[in-house]
Structures are given as C-alpha cells and as structure tokens.
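Accompanying notes for the structure given below.
The values are calculated or read from the model by the stated rules, or taken from the named source; none is laboratory data. Everything numeric here is computed off the predicted structure, so don't read it as measured data. Virtual Cβ from ideal backbone geometry, glycine too; neighbours counted across all protein chains shown. We work out accessible area using only protein heavy atoms, side chains counted, and drop any ligands, DNA or RNA first. Shrake-Rupley method; radii C 1.70, N 1.55, O 1.52, S 1.80 Å.
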Amino acid sequence: MVIAFVGTVLFGAVLARLTLEPSAASAALVHSNVRPGHSISAYLDGTSTIEAVRQLGGNLLMGVPFGVLLPVLLPPARGLLRVAVVTVALMTLVELTQGALVTGRVFDIDDVILNTSGALLGYLFIGLRLGRAVHPRRRHWWHR
C-alpha cells in the first residue's frame, strides 16, 4: 500500500507537470475540442508519424498508472466499468482545469478518451492482478 501511495503521488506530480504547465507559445494555435475523434484524426492525418505517436501514445500512457494504482488504493473501485468511470471523471476535471486556468492549454475530449483507454489497458494487464494480490476477495461463510 505504501508503494502504491508513493506511486500515486509521483503520478500526480507528473500529471500536473505535463498538463498544467503553461504553454504561452501555443496559445494562438490551440482550440478546444468537444467532438470525439476530431483531434485523433487530425493527428493521424495532419502531422508526422513521430508527432502523432508522441501525442496519441503519450495520452494513452498517461492513463496507464491510474488503471494500475486505482484498484490497489481503492478496492471498491475495482472492475472495468468502475475504473472507467473514475478515470473519465478525474481526466475530465484535469482537462477542464487545464482549459480554464492554463495559458496555451485547452479542453480536449480526445485526451480524456485516450487517458481512459490507457487506464483500462493498465487495469486489464496489471491493475486487476495487483489489486487482487494486495486485497484478496473475502470468502463468505456460504462459499466455504
């Protein structure tokens, strides 16, 4: 649990650094996106492969630690749907904060989608097993 807590604090620091740092140079270039898939297709069609991988892969990877750490820190949040709901809520809050308070950053629904997809992958590949290892299911008297 201590390792998971430290991991969560580190993840929070990295998340804040990556998403809440002002980018004044790009203030005139960025626009809010509330249409799912719009930014993703723009990266796939309009940028270099390296830039698309960096943007899309980075958003996917940013969600992975959340899917790994959430079932360890909050056992009631175990389950694919619960991880998805908590991740969507948190990442939407981050995107709204970023869009409202940070120069050169805007709300992008595709970032929420990619972060949530990354969290679900992290949950499926690592978080599910890790959560069960740290918090095994209780066996009720009628299962004995």
Inter-site label distance for Phe11 and Leu81 at 7 Å from Cα along Cβ, in nm: 2.2
Full extension from Ser32 to Arg129: what is 0.36 nm times the residue separation minus their Cα-Cα distance, to one decimal in nm? 31.2 nm
With +1 on each Lys and Arg Cβ and -1 on each Asp and Glu Cβ, and nothing else charged, work out how big the dipole of the chain is about its Cα centre, in Debye to the nearest 20. 1120
With the cut-off at 1.5 for a/c, could you classify segment 90-131 from its C-alpha gyration tensor as rounded, prolate or oblate? prolate
Just the accessible area per residue of segment 58-144, please: how many Å² with a 1.4 Å probe? 56
Starting from the 7 Å offset along Cα-to-Cβ, what nm value, one decimal, do you get for the label separation of Ala52 and Ala100? 3.4
Can you give the net charge of the other residues whose Cβ lies under 12 Å from the Cβ of Val34, counting K and R as +1 and D and E as -1? -3
For the chain, what does the alpha-carbon gyration tensor say about shape, rounded, prolate or oblate, given a ≥ b ≥ c as the root eigenvalues, a/c under 1.5 as rounded, and a/b over b/c as prolate? prolate
Contact order relative to length of the chain, as percent, for alpha carbon pairs under 8 angstrom and 6 or more apart: 36
